[in-house]
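**Q** The structure that follows is given in the form of structure tokens.
Taken together, the values in this text are just the output of simple stated rules run on the coordinates, not laboratory data. Here the structure is a predicted model, which is why all the values come from computation and not from measurement. Note that each Cβ is placed from the backbone with ideal geometry, even for glycine, and that neighbours are counted across all protein chains shown.
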Amino acid sequence: MRASHKQRGFIAAMIHRIAGIALAVFLPLHFLALATALNGAKGLESFLQVTRQPLVQFAEFGIVVALAAHLALGLRVLAIEFFDFREKTLVALSACAAAICAVGLIFVLNSG
């Protein structure tokens with residue numbers, strides 16, 4: 001592994017990109033759910049029945065965490081671009097990690 005790949009900023013950038021890909025994969029599924037709602041209550045209820053499965057609920061948790069990661073790490077990129085934040089990488093990454101964990105925890109506690 002190259003030395004540049006071991007830096008915290010590189011790992012954060014990769015997580016940001018992977019979270020963006022996960023959101024892009026999720027988007028068509030979200031549109032499918034909206035389309036079933038337009039077809040009537042019966043179609044929506046059958047779709048919602050599928051979402052009550054444990055694997056789907058775990059995937060839902062994953063997409064919420066991916067959304068939080070993409071948002072927090074995107075804000076980190078903006079802070080680096082517009083402010084003098086390059087020397088405070090560890091502080092920014094710690095704040096991002098705390099925000100991601102908080103969103104994941106709030107989601108788990110509210111979904112139970």
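**Q** Does Phe58 count as over 22 Å from Gln7 (Cα atoms), in a helix (DSSP H, G or I) and without any contact (Cβ under 8 Å) to a residue 12 or more places away in the chain?
**A** It is true that Phe58 is over 22 Å from Gln7 (Cα atoms), in a helix (DSSP H, G or I) and without any contact (Cβ under 8 Å) to a residue 12 or more places away in the chain.
**Q** Still on this structure, I have one more. Identify the residue in segment 36-94 that is of a type in the set (Gly, Ala, Ser) and under 17 Å from the mean Cα position of the chain (by Cα) and, among all such residues, is surrounded by the fewest Cβ atoms within 10 Å (Cβ to Cβ).
**A** Across segment 36-94, the extreme among qualifying residues is Ser94.
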